[in-house]
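Visitor: Attaching a single structure in C-alpha cells format; questions to follow.
The values are calculated or read from the model by the stated rules, or taken from the named source; none is laboratory data. Given the structure is predicted, the values throughout are model-derived calculations rather than measurements. All Cβ positions, even for glycine, are placed from backbone atoms using ideal geometry, and neighbour counts span all protein chains on display.
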Amino acid sequence: MWLTVSCDLEFDIAVATPFVLMLRPRSGAQQWIAKEEYRLDPEVPVFEFTDGYGNLCQRLIAPPGHFAIHTLARVKTADSTDQAVGAPFIEIQNLPNGVLEYLLPSRYCESDRFGQMATEITTNAQPGYDQVAAIEDWVRRFIRYLPGSSDMPISAVEVNQRQSGVCRDLAHLGVALCRSISIPARFVVGYLRELEPMDLHAWFEAYVGGRWYTFDATQTAHRGGYVTIGYGRDAADVAIYNQFGPAVYPVVQRIAVWRN
C-alpha cells in the first residue's frame, strides 16, 4: 500500500543547542521511499550520516528562538506483515556477523534476567518463529498496553514488574525474552497506519529462518501499514531526536499517517 507519513516538531530554544535527529525513513526490504520533504525553520546547516545500525541521522545546531522541523515521506509499504510459522531457529555459529549484537543484553533489555521465564513461555513451541510468536502472544495477554501512560523509557525488568506499559515498553520485554533464548531481536521505531491515538510507534523484529520478521504485541493481529524510521538494540539507539545541553522539549509534536 502507499502511505504518506509526516512528523512536525517545534521547540523554543534558549541557547544554541546541538541536535542529532533520526527522522528520515530509508528504503529497505519492506518499504520503498518514493518522495521526501525535510524542512527546517529557520534553515541551518545539516550534516547527515549513517549510524552503526544503518539509520539515517542528521546533525545540526538549533539557534535560540523558535525552531521547527517538518518531515514528510511517501512510502510504498507491505500490505501485511510476513509470517513464517515453523521457520527454524538459526544456530549461533550460522548467524550473520551483523546479527550477533542483537543477542546481547542492552540498557533497556536485560535479556540475562529472563532465561527461565522465556523457556517456560515457549515450552510447547518449536524452536524459531513459533517461539517468538509464543512470546508475542504472552506479552499481549499479560502486559497491559496503555498508550500515553509513560514518557520515560523503562527496562524490560520494570515492564514485567509493572505488568503494563506503552508500545516501547512491550517491545523491550519482547526483545529481552527473545534474546534470553538466543534468538536475535531488535527494537524498531516508526509509524503505523490507523494507530489510535496517533503517535510514533515501536515494535520489535526477530531473526529466524534466515531473515527478520515483525512482531507487535500491541496489535491483536498481524497487519500492514508499518513504516520504519530506525532500528537499534533498544529505545536508547533510536530516539527521533537527541539534544545536548539544557533540556528542551517539543512545544508542538504532530504525527500523521494516511493512505493515498
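Visitor: Could you give every pair whose Cβ atoms fall below 8 Å, whose first residue belongs to the stretch 4-29 and is under 9 Å from A62 (Cα atoms), and whose second residue is at pLDDT below 95, counting only separations of at least 6 or pairs across chains?
Guide: So the pair list comes out as I13/V248; V15/G245; V15/P246; T17/G245; T17/P246; T17/V248; P18/G245.
Visitor: Another question about this same structure. Evaluate the following for S149: is it surrounded by fewer than 24 Cβ atoms within 10 Å (Cβ to Cβ), under 25 Å from C57 (Cβ atoms) and either among the basic types (K, R) or outside the structural domain of A73 (by TED's automatic domain parsing) (or both)?
Guide: Here the answer is no, as S149 does not meet what is asked.
Visitor: Please tell me if K35 is farther than 28 Å from A133 by Cβ and in a strand (DSSP E or B).
Guide: Against the criterion (farther than 28 Å from A133 by Cβ and in a strand (DSSP E or B)), K35 qualifies.
Visitor: When you scan the stretch 118-160, how many residues do you find that are assigned to a helix (DSSP H, G or I) and not polar (S, T, N, Q)? Can you show your working first?
Guide: Going residue by residue through the stretch 118-160, those that are assigned to a helix (DSSP H, G or I) are 118-121, 129-142, 156-160.
Restricting the remaining residues to those that are not polar (S, T, N, Q) gives 118, 120-121, 129-130, 132-142, 156-159.
Adding up the residues that qualify gives 20.
Results for (1) surrounded by 15 or more Cβ atoms within 10 Å (Cβ to Cβ); (2) at pLDDT below 95; (3) of a type in the set (A, V, I, L, M), shown as yes or no for each residue.
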{"residue": "H66", "(1), (2), (3)": "no, no, no"}
{"residue": "V75", "(1), (2), (3)": "yes, no, yes"}
{"residue": "T81", "(1), (2), (3)": "yes, yes, no"}
{"residue": "R107", "(1), (2), (3)": "no, no, no"}
{"residue": "G115", "(1), (2), (3)": "no, no, no"}
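Visitor: Counting only residues that are under 17 Å from G115 (Cα atoms), without any contact (Cβ under 8 Å) to a residue 24 or more places away in the chain and of a type outside the set (S, T, N, Q), how many does the stretch 159-182 have?
Guide: So the count comes out to 1.
Visitor: Criterion first (touching a residue at least 40 places away in the same chain (Cβ under 8 Å) and hydroxyl-bearing (S, T, Y)) does T77 satisfy it? Show your work before the answer.
Guide: Values: touching a residue at least 40 places away in the same chain (Cβ under 8 Å): yes; hydroxyl-bearing (S, T, Y): yes.
The answer is yes for T77.
Visitor: Right, Y249: more than 17 Å from Y108 (Cβ to Cβ) and in a strand (DSSP E or B) or not?
Guide: no
Visitor: Continuing with the same structure: If G52 satisfies every condition in (1) within 18 Å of P184 (Cα to Cα); (2) in contact (Cβ under 8 Å) with a residue 24 or more places away in the chain; (3) among the small types (G, A, S) but one, which is the exception?
Guide: (2)
Visitor: Of (1) surrounded by 13 or more Cβ atoms within 10 Å (Cβ to Cβ); (2) touching a residue at least 40 places away in the same chain (Cβ under 8 Å); (3) assigned to a loop (DSSP other than H, G, I, E, B), L60 satisfies all except one. Which?
Guide: The single condition L60 does not satisfy is (3).
Visitor: Just a yes or no: is a residue in the stretch 83-91 surrounded by 14 or more Cβ atoms within 10 Å (Cβ to Cβ) and under 26 Å from R193 (Cβ atoms)?
Guide: Yes, that holds for at least one residue.
Visitor: Right, here's the next one. State which residue is nearest to S155 (Cα to Cα) when the search covers only the stretch 69-111 and only residues that are within 21 Å of the chain's Cα centre (by Cα) and in a helix (DSSP H, G or I).
Guide: Selected residue: S111.
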